[in-house]
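First up is the structure itself, then whatever we jot down about it.
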Amino acid sequence: MSRRYGVARRWGWNSLRLRLLLAILAWVVVGIGGIWVSATRLFAKHVELGFHEELEVHVQELAGLIRLKADGAPVLTRPLSDPRYLVPMSGFYWQVNVDGHPPLRSLSMRRGALDEQVAHSAQVLHRIDKGPSGPAITYGFVAKGPQGQDVHYMIATDERLLDATISDFTRDLTGWLGGLALTLLLIGGAVVLFAFEPLDRLAAAIGRLRQGDREALRGAMPLEIAPLADDLNAYIAHTAGVVERARVEAGNLAHSLRTPLAVIIDEAERLAREPGTQESAQVLLDQAQRMAQQIELRLARARAAVTGNLPGAICRIAPTLAPILSAMRRLHPGIAFVESAPVPADASLPIDPSDLTELLSIVLDNAGKWARTRVDVGVAAGRITIADDGPGMTGEERCRAGEAGLRFDPDRPGSGLGLAIARDIVAAYALDLTLSDRQDGQLGLCVTVAAAEEPR
Amino acid sequence: MRILLVEDDDQLAQRLSERLRGAGFAVDLARSREEGEAWPDMDMLAAVILDLGLPDGSGLDLLRGWRLRRVACPVLILTARGSWQDKVEGLNLGADDFVVKPVRFEELLARLHALLRRQIGVRGTWLEVEGVRLDVISGEVESEGQPITLSKQEFRLLHLFLRHPGQVLSQGAIVEHLYDLDTHRDLNAVEVLVSRLRRKIGAGRIRTLRGLGYRFGAA
């Protein structure tokens with residue numbers, strides 16, 4: 001496959017592959033991102049709820065474990081069930097305030113104090129407050145003692161513990177979901193590669209078609225593109241059929257017209273030898289000659305027009321040039337047809353092979369007729385140069401060369417149509433044909449056939 | 001000089017045959033590929049004019065078959081198909097030149113003579129051996145600078161001798177070259193023809209080698 005259908009083109013901005021992959025990427029980002037946001041929020045909510053329920057239970061437990069002495073001072077009858085209230089600065093604290101007595105605090109609270117303001121209602125209330133070791137979720141309520149004094153119960157947990165739990169979860173969740181997203185993207189990429197493989201084959205077949213290989217598309221195709229492949233095969237067969245039929249018909253037409261014309265010309269030549277019919281014979285000969293020229297010219301134009309309009313004709317030069325040179329060596333045995341260098345195997349021109357044969361044969365035959373000793377043929381990428389060592393052409397002759405029927409030397413055999421047909425062929429394709437003096441300064445004509453600079 | 005014309009169109013075949021005979025050739029006519037393939041004495045022909053569009057197959061296939069059988073005589077393709085594809089294929093199959101119909105007879109004749117000259121390595125339009133000069137295009141003949149008038153058969157015989165100077169040509173070979181297959185062949189006629197030619201160009205130029213044939217020029 002050529003570079004133009006390579007990786008860069010397959011994954012280009014305008015490719016279905018990239019579009020599908022971007023769609024998969026968007027789907028994964030939105031899906032996994034949505035899961036991440038929902039999961040973290042739900043988790044945070046549930047963790048907070050659990051914390052609050054736990055603290056509410058703890059403050060109730062605290063109230064159950066506090067007893068007031070006779071003087072009203074609070075004492076803890078036994079430690080709370082959660083041992084974290086015993087670990088210094090663990091983030092879990094409690095405090096009981098009774099008016100007129102120093103506050104009773106958990107062993108964990110080595111410093112600081114809890115604000116009694118949260119415990120001013122018989123109902124358990126909570127708020128975020130400044131705690132002994134940072135912002136803390138504080139729960140509290142107030143109850144009446146045996147002597148009717150207010151007993152304030154408060155329990156607090158560092159908010160950072162809640163945040164740490166949530167962020168641990170979020171980090172783990174992010175890792176897992178990131179892995180999942182990557183896996184989904186890889187699977188998506190594999191699906192794209194797998195799903196588009198038939199399209200690659202289709203593109204390769206079209207690429208071969210553009211290179212002049214008009215073979216049918218082979219191999220099983222998915223249901224969705226099988227009709228397209230069938231249509232392409234039908235198009236290839238139809239195109240080849242149309243071209244072949246057009247060529248055969250053109251040949252048949254030429255054959256059916258030229259043979260009777262040959263008889264007419266022969267009869268006219270016979271009449272020309274008779275004394276009384278010479279003038280009439282000359283008219284017949286001239287008109288028959290014109291008809292023959294028109295047949296040749298129009299049929300050549302029709303052939304070039306049919307093949308020139310077909311898409312993607314590419315012809316490799318080397319296999320086309322070799323038999324022509326061999327034929328020319330036979331046709332012009334006194335002239336050396338010399339290839340200046342081996343023809344690059346990949347050198348090609350955007351033209352149907354039969355038209356390139358026609359074009360090169362015309363130019364080489366012309367060069368062979370005018371050359372004194374040799375014709376030099378050079379081929380580079382997209383360019384063929386044919387130079388003879390004949391008398392060359394003046395600027396005016398070069399301008400007029402290609403006029404139908406114009407012959408610079410009537411004594412040399414030929415119809416005077418060769419260059420006109422050659423110009424018709426190059427006009428039907430994206431090619432240029434230029435006549436110039438030889439580059440090496442020697443006498444002679446140099447004809448260059450090259451791919452046009454700008455596609456037509 | 002005998003040539004084979006392979007052409008399926010009756011009118012054209014007849015007309016070309018007549019004009020080629022008028023130009024000094026003996027002409028045999030084949031009208032199909034099958035007839036061409038079965039032609040009995042290809043090696044005795046001076047040249048072949050071959051039409052490519054035959055009713056029972058391509059002239060190119062006929063040419064391919066001849067070359068595979070090592071038939072060496074020059075072949076001039078006469079085609080009504082103007083495309084170079086056929087011409088290139090024909091030349092690579094062993095044709096020596098081609099002309100596209102309709103062609104003026106003078107051009108056809110010139111091409112034919114060019115082939116025949118090329119075969120014996122002569123570049124001009126004339127053949128000359130020991131003072132006898134023959135222009136194959138104009139038909140003029142001179143001996144020591146003096147113009148000579150020859151009949152068609154005498155011209156053909158002299159042409160044959162000048163193409164093979166110094167070679168012994170048997171009566172049978174001369175008959176094969178001078179007369180087409182439809183003509184009654186009489187070896188005595190060759191003797192008479194040689195005698196007439198000797199009178200016109202000089203008796204000493206053609207030597208008789210008993211039991212072998214005739215030789216023009218020094219060995």
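See the values below:
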{"read-out": "In range of the label at B:M44: residues from the stretch B:182-216 whose backbone nitrogen is under 17 Å from the point 7 Å along Cα→Cβ", "value": "B:182-191, B:213-214"}
{"read-out": "Dimensionless Rg over Rh [the stretch A:227-308; C-alpha; Kirkwood]", "value": "1.31"}
{"read-out": "Net length gained if the chain between A:A195 and A:R273 were fully extended (0.36 nm per residue, minus Cα distance)", "value": "20.2 nm"}
{"read-out": "FRET E, pair A:A73, A:R171, Förster distance 51 Å, beta-carbon r, rounded to 0.05", "value": "0.65"}
{"read-out": "Inter-label distance, nm, simple model (7 Å from Cα along the C-beta direction), B:V71/A:Q123", "value": "12.3 nm"}
{"read-out": "C-alpha long axis of helix B:152-163 to longest principal axis of chain B, angle in °", "value": "90 degrees"}
{"read-out": "Residue-averaged beta-carbon neighbours from other chains (10 angstrom radius) around B:101-113", "value": "4"}
{"read-out": "Efficiency of FRET between A:Q293 and B:T183 - r from beta-carbon atoms, R0 41 angstrom, step 0.05", "value": "0.60"}
{"read-out": "Rounded D (µm²/s) - the stretch B:139-219, Kirkwood Rh over Cα pairs, Stokes-Einstein at 4 °C, 1.567 mPa s", "value": "100 µm²/s"}
{"read-out": "Degrees separating the helix A:278-308 axis from the principal Cα axis of chain A, which is the longest one", "value": "10 degrees"}
{"read-out": "Segment A:R329-A:I206, extension gain: residue separation times 0.36 nm, minus the distance between their alpha carbons", "value": "40.5 nm"}
{"read-out": "Pairwise Cα inverse-distance average, inverted: Kirkwood Rh of the stretch A:81-175 (Å)", "value": "14.1 Å"}
{"read-out": "FRET efficiency for A:V30 and A:R110, using Cβ-Cβ distance with R0 set to 60 Å, rounded to 0.05", "value": "0.75"}
{"read-out": "Separation of the B:E35 and B:S151 label points, Cα + 7 Å toward Cβ, nm", "value": "2.8 nm"}
{"read-out": "Dimensions in Å of the protein assembly as shown - Rg and Dmax from alpha carbons", "value": "51.9, 179"}
{"read-out": "Over 27 Å [Cα-Cα, chain B], rounded percent", "value": "33 percent"}
{"read-out": "Fewest-first sequence of A:E279, B:E176 by Cβ atoms within 10 Å of each Cβ", "value": "A:E279, B:E176"}
{"read-out": "0 to 90° range, to nearest 10: angle between helix A:418-428 axis and chain A longest Cα axis", "value": "20 degrees"}
{"read-out": "Total charge dipole magnitude, the stretch A:315-451, about the Cα centre, Cβ charges on Lys, Arg, Asp, Glu only, Debye to nearest 20", "value": "260 debye"}
{"read-out": "Within straight-line cross-link reach of A:K130, lysines at Cα separation under 25 Å, skipping those fewer than 8 residues along the same chain", "value": "A:K45"}
{"read-out": "Length released on extending from A:E249 to A:E48, taking residue separation times 0.36 nm less the Cα-Cα span", "value": "63.4 nm"}
{"read-out": "Diffusion coefficient, µm² s⁻¹, Stokes-Einstein with Kirkwood Rh over alpha-carbon pairs of the stretch A:135-184 at 10 °C and 1.306 mPa s", "value": "111 µm²/s"}
{"read-out": "13 Å Cα-Cα reach of B:K101 towards aspartates and glutamates, excluding residues that sit fewer than 8 places from it in its own chain", "value": "A:D266, A:E296, B:E7, B:D9, B:D51"}
{"read-out": "DSSP beta bridges in the protein assembly as shown [antiparallel fraction, %, rounded to 5]", "value": "75 percent"}
{"read-out": "Cα-based Kirkwood hydrodynamic radius, the stretch A:315-451, one decimal, Å", "value": "14.9 Å"}
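FYI, it's all coordinate maths here, none of it is from the lab. Only a predicted model underlies this, so the values are computations on that prediction, with no experimental measurement involved. Neighbour counts are summed over all protein chains in view; Cβ atoms, including those assigned to glycine, are modelled from backbone coordinates with ideal geometry.
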